[in-house]
Amino acid sequence: MEWNLDEAISYYGSQGAPGDQTALTALLKEIQRENGGIPRYAVEAAARAYGVKEALLLALIRRIPSLRLADTHLLEICCGPNCPRKRNLAEFVEKTWGTNPKKFTVKQVPCMRLCGKGPNIRWDGTLYHQADEALLRKLIENV
Ligand code: FES
């Protein structure tokens, strides 16, 4: 039997989503497993079906490290205690590209264990040390 987004949304709705965050997370994980990531149209469809804002689902996706939007780049900003200017970088990204940019997903992640070279970021799996606004602009605007 072929996987169907509407059936999955309906099934997890019957399990308590979106009020039950465990059910909602399970839906997002299933969508990701079936699609290799979570497509924007799936976020829109789930938000519409559950009567919640897309921003709520996008915030959940950002908060859970194993979840990722499909067809977008992934920017991870170290938020460990020893990376200098980490907050500034996250604020710069939000101020420049908004809270829900379409081209990339932003995650603040725990210490990357390279504190002496910080601030550290990872863009699509590639680690960058001593990251600054110019590097972020270069990476994000060249996609
Ligand atoms: S705090 Fe950023 S690498 Fe450790």
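Taken together, the values in this text are just the output of simple stated rules run on the coordinates, not laboratory data. Here the structure is a predicted model, which is why all the values come from computation and not from measurement. Neighbour counts run over all protein chains shown; Cβ positions are idealised from the backbone, glycine included.
When shorter helices are ignored and each DSSP H run of at least 4 residues is given -39500 (n - 2.57), the per-residue value for the chain at 222 nm works out to -14000 deg cm²/dmol.
Cβ under 13 Å from Asn142's Cβ, Asn142 left aside: what net charge do those residues give with Lys, Arg +1 and Asp, Glu -1? That works out to +1. Extending 7 Å from Cα along the Cβ direction at Arg85 and again at Glu133 yields two label points whose distance is 1.0 nm.
Pairs exceeding 26 Å between alpha-carbon atoms, taken from Lys53/Lys138; Lys53/Lys103; Lys95/Lys138: Lys53/Lys138. Positive contributions from Lys and Arg (+1) and negative ones from Asp and Glu (-1), summed over other residues with Cβ under 12 Å from the Cβ of Ala8, come out at -3. Quick one: grab the alpha carbon gyration tensor of the chain, order the square roots of its eigenvalues as a ≥ b ≥ c, and give me rounded if a/c is under 1.5, else prolate or oblate depending on whether a/b is larger than b/c. Verdict is prolate for the chain. Overall, the chain carries a charge dipole of about 720 debye about its Cα centre when +1 sits on the Cβ of Lys and Arg and -1 on the Cβ of Asp and Glu, all other atoms neutral.
Listing Glu94, Glu141 from fewest to most neighbouring C-beta atoms within 10 Å gives Glu141, Glu94. Taking other C-beta atoms within 10 angstrom as a stand-in for reagent exposure, His73, His129 fall in the order His129, His73, fewest first. Shape of segment 21-74 from its Cα gyration tensor (a ≥ b ≥ c, root eigenvalues): rounded if a/c is under 1.5, otherwise prolate when a/b > b/c, or oblate? The shape class here is rounded.
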